[in-house]
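Enquirer: Sharing a structure with you now.
What follows is calculated from the coordinates using simple rules that are stated; it is not laboratory data. As the structure is a computational prediction, the values presented were derived from the model and not from experiment. FYI the Cβ positions are ideal-geometry reconstructions off the backbone, even for glycines, and counts take in every protein chain you see.
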Amino acid sequence: MDKEQIAKMQAGRRANHALNGKYAIDLTVDQKETLERVRMYCPSAVNVFLKAFSKRSMAAAVKAKCIECTNLQKAEVTRCTISGCPLWRYRPYQRDAVGVDKTDENDI
Ligand code: SF4
């Protein structure tokens with residue numbers, strides 16, 4: 001890893017810390033409870049939820065909803081077959097499915 005990559009990672013971490021501090025104040029009780037569950041079971045998605053709760057990103061809101069819908073199992077979002085869901089075509093991690101076992105889809 002070169003110095004430029006390390007600097008980018010450090011800047012990303014600083015931005016994430018700033019995001020936590022800036023938006024945590026405005027959370028409702030329900031949002032705080034959801035965030036606690038996310039911190040416990042899917043910590044990599046904390047900033048996605050913070051962005052969604054703070055109205056900072058609609059894409060983050062879709063992503064957060066899908067993660068919540070699958071009980072905080074991100075891999076399940078990739079495998080979602082509920083095409084009747086209005087978010088289905090917008091769900092995140094679809095690109096991850098390219099190299100993934102498509103057995104579930106073939107069974108439909
Ligand atoms: S697209 Fe799938 S994972 Fe996302 S909210 Fe709809 S049913 Fe849930």
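Enquirer: With the requirement that a residue be touching a Phe, Trp or Tyr at 6+ places or on another chain (Cβ under 7 Å) and within 8 Å of the ligand (Cβ to nearest atom), what does region 62-76 give you?
Expert: Once the filter is applied, which keeps residues that are touching a Phe, Trp or Tyr at 6+ places or on another chain (Cβ under 7 Å) and within 8 Å of the ligand (Cβ to nearest atom), region 62-76 yields only VAL62.
Enquirer: Considering each residue of region 77-88, count those that are near the ligand (Cβ under 8 Å from one of its atoms) and in contact with a Ser or Thr (Cβ under 9 Å, 6 or more places away or on another chain), and give that number.
Expert: Count: 3.
Enquirer: How many residues are assigned to a helix (DSSP H, G or I) and either surrounded by 16 or more Cβ atoms within 10 Å (Cβ to Cβ) or among the hydrophobic types (A, V, I, L, M, F, W, C) (or both) when one looks only at region 68-85?
Expert: Selection size over region 68-85: 6.
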